[in-house]
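The values are calculated or read from the model by the stated rules, or taken from the named source; none is laboratory data. Please read these numbers as outputs of a predicted model, since none were measured by experiment. Counting neighbours? That spans all protein chains shown, and the Cβs are built from the backbone with ideal geometry, glycine included. Only protein heavy atoms, including side chains, enter the accessible area calculation; ligands, DNA and RNA are left aside. Shrake-Rupley method; radii C 1.70, N 1.55, O 1.52, S 1.80 Å.
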Amino acid sequence: MQPMLSLVPSERSRTDDGDAPLAAFGAVTLARRLEEATRQLALTQSLLAEKQRECDELSRTLAHDAHSDALTGLFNRRKFNDLCHAEIARSVRYGTPLALIMVDIDHFKRVNDEHGHLVGDRALVDLTRVLAGQIRASDALCRWGGEEFMILAPHLDRVAAVQMADKLRAAVAGAEFGAAGPLTCSFGVSTLREGDGVVELILRADTCLYRAKHTGRNCVETQADGGTATTL
């Protein structure tokens with residue numbers, strides 16, 4: 001006797017056929033979720049990269065501001081001290097000369113009193129341009145404070161440093177400073193001696209500058225190796 005064929009789907013067949021659309025729907029949904037998650041991840045990575053760039057830029061700005069004079073854009077005193085320590089160490093290590101030129105604007109208080117601080121500030125910026133245009137790429141020009149500037153000059157002995165200072169003096173005396181009128185500067189020059197630190201190098205330059213301010217101004221003062229004063 002032949003078995004009878006049932007035309008009614010079995011329970012297992014009906015279940016399998018019903019699960020297929022659900023499985024397909026689930027696969028599509030999972031793919032969409034994965035695609036959305038991937039998109040969100042890419043967006044998050046892009047935002048993080050942008051924030052990192054902003055943080056890097058802010059870090060560079062803060063580092064620049066910490067070492068720069070707000071008015072002139074030159075190195076400030078803190079940065080000068082760091083540079084001076086480094087250059088002294090380099091000079092001692094390699095046995096090369098190092099000079100320091102200290103600059104002070106003559107009668108600058110008169111400019112501020114007669115023309116106001118805005119004119120005085122403009123004059124400081126203009127003086128920065130004049131000095132920067134006369135020094136070497138290896139020299140470091142810093143604003144020491146007020147109307148005083150420092151120039152750290154590696155590989156210059158006393159004679160060469162005095163020549164540079166006098167070139168700067170002549171450049172300032174021949175420059176135009178707008179409403180501030182003509183300006184001159186006094187210069188004190190020191191060179192590194194055995195056993196010198198930053199304080200000793202600055203102190204000798206300051207002593208020479210003080211002497212220049214009290215012996216006529218618009219001149220260069222230095223000390224010979226024996227400590228005697230010389231004027232240019």
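Looking only at residues that are farther than 15 Å from residue 75 by Cβ and touching a helix residue (DSSP H, G or I) at 6+ places or on another chain (Cβ under 8 Å) in the range 128-140, which one is surrounded by the most Cβ atoms within 10 Å (Cβ to Cβ)?
Across the range 128-140, the extreme among qualifying residues is 130.
If you check residue 230 against the conditions, is it among the hydroxyl-bearing types (Ser, Thr, Tyr), at pLDDT below 95, under 23 Å from residue 91 (Cβ atoms) and over 23 Å from the mean Cα position of the chain (by Cα)?
Yes; evaluated as a whole, the condition is true for this residue.
Residue 145 versus (1) modelled with pLDDT under 95; (2) open to solvent by 70 Å² or more (accessible area, probe 1.4 Å): which is the lone unmet condition?
(2)
Restricting the search to the range 149-171, which residues are under 23 Å from the mean Cα position of the chain (by Cα) and hydrophobic (A, V, I, L, M, F, W, C)?
149, 150, 151, 152, 153
Give the residue, chosen from 175, 153, that is assigned to a strand (DSSP E or B) and either out of contact with any Cys (no Cβ under 6 Å at 6 or more places or on another chain) or under 21 Å from residue 97 (Cβ atoms) (or both).
Just a single option satisfies the conditions, and that option is 153.
Tell me, please, whether a residue that is touching a residue at least 24 places away in the same chain (Cβ under 8 Å), open to solvent by less than 40 Å² (accessible area, probe 1.4 Å) and over 20 Å from residue 210 (Cα atoms) can be found in the range 182-194.
no
Quick one: would you say residue 215 is part of a loop (DSSP other than H, G, I, E, B), over 20 Å from residue 78 (Cα atoms) and of a type in the set (Val, Ile, Thr)?
The answer is yes for residue 215.
Can you pull out the residues in the range 126-150 that are under 16 Å from residue 180 (Cβ atoms) and part of a helix (DSSP H, G or I)?
Once the filter is applied, which keeps residues that are under 16 Å from residue 180 (Cβ atoms) and part of a helix (DSSP H, G or I), the range 126-150 yields 126, 127, 128, 129, 130, 131.
Say we look at the range 88-125 and pick out the residues that are assigned to a helix (DSSP H, G or I) and acidic (Asp, Glu); which of these is least open to solvent (accessible area, probe 1.4 Å)?
Selected residue: 121.
For residue 75, work out the one condition from (1) open to solvent by 70 Å² or more (accessible area, probe 1.4 Å); (2) closer than 12 Å to residue 154 by Cβ it doesn't fulfil.
Among (1) open to solvent by 70 Å² or more (accessible area, probe 1.4 Å); (2) closer than 12 Å to residue 154 by Cβ, the lone unmet condition for residue 75 is (2).
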